[in-house]
Structures are given as structure tokens and as C-alpha cells.
Amino acid sequence: MKQLIFSILILLVFSGIGNAQKNKANSKKIMKDKEAILAFYEKALTVNTETRPTAALSPLLAEGYKSSSSVNSKNAKQLMGQLEFFWKVVPDLKWEPQEIINEGDTYIVRSVATGTPNGDFMGQATDGTKTFSIMTIDMHKVNDGQIISTHHVEDWVTAMKQLAPKGGSMAMQGIETLKIADAFMGAMGKGDMETMMSLMHEDMIWQNAGDKSLPWIGQWEGKKVILEDFLPVFGEQFKTIKWEPNDALSSGNTAAYFGQMIGLLTNSNQETKEFTYALRVKVKDGKVILWNWFEDSFEVSRAYHGK
Amino acid sequence: MENKEAVLAFYNKALTVNTETRPTEVLTPLMAEGYKSSSSVDSKGAEQLMGQLEFFWKIIPDLKWEPQQIINEGDVYVVRSIASGSPNGDFMGVPTDGTKSFKILTIDIHTMIDGKFVNTHHVEDWPTAMKQLKS
């Protein structure tokens, strides 16, 4: 009898140890899974200087990982690509978990995502002056410290409303952009320096594609550089003989022009043949910030060199 | 009512159009006092939520909200659903005529006490719905 009781006691003690070990292993596993989840938000979804989305996610995503929204699903590589793009266009992107719910191997994370995009963000032209702050909820399936799959929903409708320009729709904003670009072009045609200067943004960039051996080809950065270094040289060496705009389009802060022209290169005293030009203009705070010029650069170079 | 039963009633009887009941009738006994439903910027009380659902029922006569997965930790229930429907009328600024349907992912987080909803955080993929209705 004594022996039996003793055996039962031993059995109880050992099974207790077994359970404790199991519990310990289990809490270790949860810790590992939770760490993976937190790294996803802190290192890949939040811009930081220590790592990059691809570097942070590579060890965290299991083979065959799938991220699903309503209709699309992304694999690990596509997700990393999207995040690399987000880091570029939303340099202050933050994704802060507010609540983490766990049952078994499933983790739900409710976050607040914030950022100030600069560039084309989901079809919305942004310039780094407006910030979004939205709720997101993700459901991750995790195993052994790696994320197997994710279902995610973000309140992008609200983000788009927050990022929309105060001046109304993209179309309305485009009309304003075209007005400013037209005014600048008109002033340039008349040689009205005063009006031109009043329409130039301090950080304006003037970009001309073409043969680098021509002194005005390249990128000119800043109002001062454009006025002092670029315009005098260009004005002296290139005379416009014909200028015929055909189309002008605009949307948001961007305008595009297409037309026909002929120029005279004073270097060689040769005229170009008639060619088609294109111009991309961007406007910021009511002033021209980009003047990106495309011409038949081969023809212009040929005439410049007198060939 | 048990918490899980209440959660299911929310989707099957209030968010999914049916002939047996109405959103207000279903939700009135299920909402705790001071209930709050929060999205990114807005929050709604029980009455506002019911008003919105009554409007949804009218404009989306085939509205369905089907739970795909329910996760529970303590008082908190997370529901991943597929919401679908064919609106007829002005739906979130998009004119619709009942010929186009949306089908989107939604995730809600509910806190429950004694079979009643205390609060909800919800996100729906409305941009995809808008695309589907405009296409």
C-alpha cells in the first residue's frame, strides 16, 4: 500500500514537471510569435534607420506566405516590394499597434497608421504637406516565430479624404495648375522677367533632356541658379523661331503640354527642322516647382554642332 | 444571451438582410449602455449605428455580412467577414442601380460583457467596393 501511494506521488510529481515544462515551452513559443508580430510593425511597417522592410521581413515570413485583402493576395516578395515603395513615398510612415488579440496561432493587431506622403500615393497627388491617420486591423497566422498568412483591412477611404487637396478635386486643382503654368509660359514668351520671377518657386528645378555638350542641357536646381546660370546662357544661344502649342492637359499639381516648334542655335547660326516638344510642369504653393522639358534633342544637337 | 450568440446575431440578423427581423429590433437588446462603434475618425452610438444599418437595408436589399473566422480572447471577439451586396441608389457618393455588386473584406473587434456589445472597432475595404461598383 505504502509503495502504491509512493508510486502515485512520484507519478504526480513527474507529471507536474511535465506540465510545467509544457507550459514553459508554450509561453516561450508565444513570446517568439509575439516578437515576430511586433517586428512586423516596428521594423517593416514603421520607417526606421536600423533596417529595411525586405531585411526585416525576410526572416519573419514563412515559405508560401500570403497576404490577403478583399480581392488581391500578395506573396512575401510582393509585400516587401510594396513596403519598400511605401518607405520611399511616405518617409515618416508609422504603424503603431493599439491592441493585440491572440487565440491559438492567430494574432489580431489593431493599429493606427500615419504618414505624410510625397508623390503619387494610390492615385492621389501629394506633396508632403498633408498627413493621414487611419485605423487598420490585421489578422496574422503565426507558427514558430514566422508569419504564415495575413488578412488585412485599412481605412484608405479616410486617408484619401485626409490627403485630398483643400482646393477641391484633382480636376479643380488641375485647372489652377494650368493657369499658373500658362502664365509662366506667357511671361517667358514675352521676356517678362518680373512675372517669371514672381511665378518661380524658390526650390524650382529646370530639367532639359538631351546632348550634355550643349551648355543648357541638364538639371538646374533652385530659383537663383536658374535665373543666374541657366536662363542667360539659354536665352542667348537658343532663339525660338516658331512656337505652336497644340495640347495642354492637367490633373492635380501637374500639367503637360505638347506642340510644334523651330529653334535657331546662335552657336552655329543654324535652324532646327520643325519638331514636337513636350513639357511637364509641376506647381507647388501657387508657383512653378518643376519645368521638365522634352524636345527632339537629336535635332537640336545636330543644329547646335552645325552638322 | 451568450457572448458568441450575440456576436453571431449581429452578423446574421442585423448586418444581413432577412425577413424575420429588423436591425433596430435585433440590436436594441444587444447593445450595452454607452456602446461605441469606432472607425478611424468617427464614432457612433448605438442609435446612430442602427440608423445606418436601417439605411443599408433599404439601399442594399441583398446585403450579406458573412463571418469567415471568429477569434476570441477573454471579452474580445474578432470577426473577419465578407460583406457583399448590390446597392440601388446613392451609395457613399456613388450612383448605383442595383446591377453591380461589391464583395469586400471586413474585420471587426468587439468587446462583449454578459452577452452585450460594449464597443466595436471596425474597418471595411470600401475603396474596393467603390471600384467594383464603378467598373
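The values are calculated or read from the model by the stated rules, or taken from the named source; none is laboratory data. Computed from a predicted model, the values in this text were never measured in an experiment. A quick note on method: Cβ atoms are made from the backbone with ideal geometry, for glycine too, and the neighbour counts reach across all protein chains shown. Heads up: the accessible areas ignore ligands, DNA and RNA and are worked out on the full protein's heavy atoms, side chains in. Shrake-Rupley method; radii C 1.70, N 1.55, O 1.52, S 1.80 Å.
Here are some conditions: (1) under 16 Å from A:Asn143 (Cβ atoms); (2) open to solvent by less than 90 Å² (accessible area, probe 1.4 Å). A:Tyr41 meets all but one. Which one does it not meet?
If we test A:Tyr41 against (1) under 16 Å from A:Asn143 (Cβ atoms); (2) open to solvent by less than 90 Å² (accessible area, probe 1.4 Å), just (1) comes out false.
So if I check each of A:Ala255, A:Ala209, which one is surrounded by 17 or more Cβ atoms within 10 Å (Cβ to Cβ) and under 24 Å from the mean Cα position of the chain (by Cα)?
Residue meeting the stated conditions: A:Ala255.
Please go through the range A:85-111 and give me each residue that is open to solvent by less than 50 Å² (accessible area, probe 1.4 Å) and of a type in the set (D, E, K, R), ordered by number.
Hits for the range A:85-111 are A:Glu99, A:Arg110.
Which of the residues spanning the range B:1-39 are touching a helix residue (DSSP H, G or I) at 6+ places or on another chain (Cβ under 6 Å), buried (at least 18 other Cβ atoms within 10 Å of the Cβ) and outside any helix (DSSP H, G or I)?
If the condition is that a residue be touching a helix residue (DSSP H, G or I) at 6+ places or on another chain (Cβ under 6 Å), buried (at least 18 other Cβ atoms within 10 Å of the Cβ) and outside any helix (DSSP H, G or I), then B:Val17, B:Met31, B:Tyr35, B:Ser37 are the ones that fit.
Can you name every one of the strands (runs of 3 or more DSSP E) wholly within the range A:30-106 that holds 1 or more residues which are within 30 Å of B:Asn119 (Cβ to Cβ)?
A:61-68, A:94-103
With the requirement that a residue be surrounded by 22 or more Cβ atoms within 10 Å (Cβ to Cβ) and within 13 Å of another protein chain (Cβ to nearest Cβ), what does the range B:111-120 give you?
B:Met112, B:Thr120
When residues of the range B:68-80 are filtered for being open to solvent by 20 Å² or more (accessible area, probe 1.4 Å) and closer than 22 Å to A:Ser69 by Cα, how many remain?
Of the residues in the range B:68-80, 6 are open to solvent by 20 Å² or more (accessible area, probe 1.4 Å) and closer than 22 Å to A:Ser69 by Cα.
Sort through B:Ala129, B:Ala83 and tell me the only one that's surrounded by 20 or more Cβ atoms within 10 Å (Cβ to Cβ), within 20 Å of B:Ala9 (Cα to Cα) and among the hydrophobic types (A, V, I, L, M, F, W, C).
Of B:Ala129, B:Ala83, the one residue that is surrounded by 20 or more Cβ atoms within 10 Å (Cβ to Cβ), within 20 Å of B:Ala9 (Cα to Cα) and among the hydrophobic types (A, V, I, L, M, F, W, C) is B:Ala83.
If A:Thr116 passes every condition in (1) more than 8 Å from chain B (Cβ to nearest Cβ); (2) among the polar types (S, T, N, Q); (3) under 26 Å from A:Lys66 (Cα atoms) but one, which one does it miss?
With (1) more than 8 Å from chain B (Cβ to nearest Cβ); (2) among the polar types (S, T, N, Q); (3) under 26 Å from A:Lys66 (Cα atoms) applied to A:Thr116, the lone miss is (3).
Examine the range A:75-89 for a residue that is β-branched (Val, Ile, Thr) and within 10 Å of chain B (Cβ to nearest Cβ), and state whether such a residue exists.
No; the residues of the range A:75-89 include none that is β-branched (Val, Ile, Thr) and within 10 Å of chain B (Cβ to nearest Cβ).
Tell me whether the range A:123-138 contains one or more residues that are within 28 Å of B:Val94 (Cβ to Cβ), within 14 Å of chain B (Cβ to nearest Cβ) and in contact (Cβ under 8 Å) with a residue 40 or more places away in the chain.
yes
Can you pull out the residues in the range A:233-247 that are in contact with a Leu (Cβ under 7 Å, 6 or more places away or on another chain) and surrounded by 14 or more Cβ atoms within 10 Å (Cβ to Cβ)?
If the condition is that a residue be in contact with a Leu (Cβ under 7 Å, 6 or more places away or on another chain) and surrounded by 14 or more Cβ atoms within 10 Å (Cβ to Cβ), then A:Gln237, A:Phe238 are the ones that fit.
Do you know which of the residues in the range A:265-307 that are farther than 22 Å from A:Gln219 by Cβ and charged (D, E, K, R) is most open to solvent (accessible area, probe 1.4 Å)?
Among those residues, the one meeting the criterion is A:Lys307.
Within the group A:Lys24, A:Lys29, which residue is open to solvent by 20 Å² or more (accessible area, probe 1.4 Å), free of Cβ contacts under 8 Å to residues at least 40 places away in the same chain and away from chain B (no Cβ under 14 Å)?
A:Lys24
For the range B:92-104, check the following and say yes or no: at least one residue is out of contact with any helix residue (DSSP H, G or I) (no Cβ under 6 Å at 6 or more places or on another chain), closer than 24 Å to B:Gln48 by Cβ, buried (at least 16 other Cβ atoms within 10 Å of the Cβ) and within 12 Å of chain A (Cβ to nearest Cβ).
no
For the range A:48-83, give me each residue that is surrounded by fewer than 19 Cβ atoms within 10 Å (Cβ to Cβ) and in contact with an Asp or Glu (Cβ under 9 Å, 6 or more places away or on another chain).
A:Asn48, A:Arg52, A:Thr54, A:Ala62, A:Ser69, A:Val71
I'm told B:Ser43 meets every condition in (1) at pLDDT below 95; (2) over 29 Å from A:Thr131 (Cα atoms) except one. Can you identify the failing condition by its number?
(2)
Where in the range A:117-182 are there strands (runs of 3 or more DSSP E), lying wholly inside it, with at least 2 residues that are open to solvent by less than 20 Å² (accessible area, probe 1.4 Å) and under 30 Å from B:Ser81 (Cβ atoms)?
Correct list: A:132-143, A:146-154.
Read through the list (1) surrounded by fewer than 19 Cβ atoms within 10 Å (Cβ to Cβ); (2) aromatic (Phe, Trp, Tyr); (3) over 27 Å from A:Gln162 (Cα atoms), then give the number of the only condition that B:Phe55 fails.
(3)
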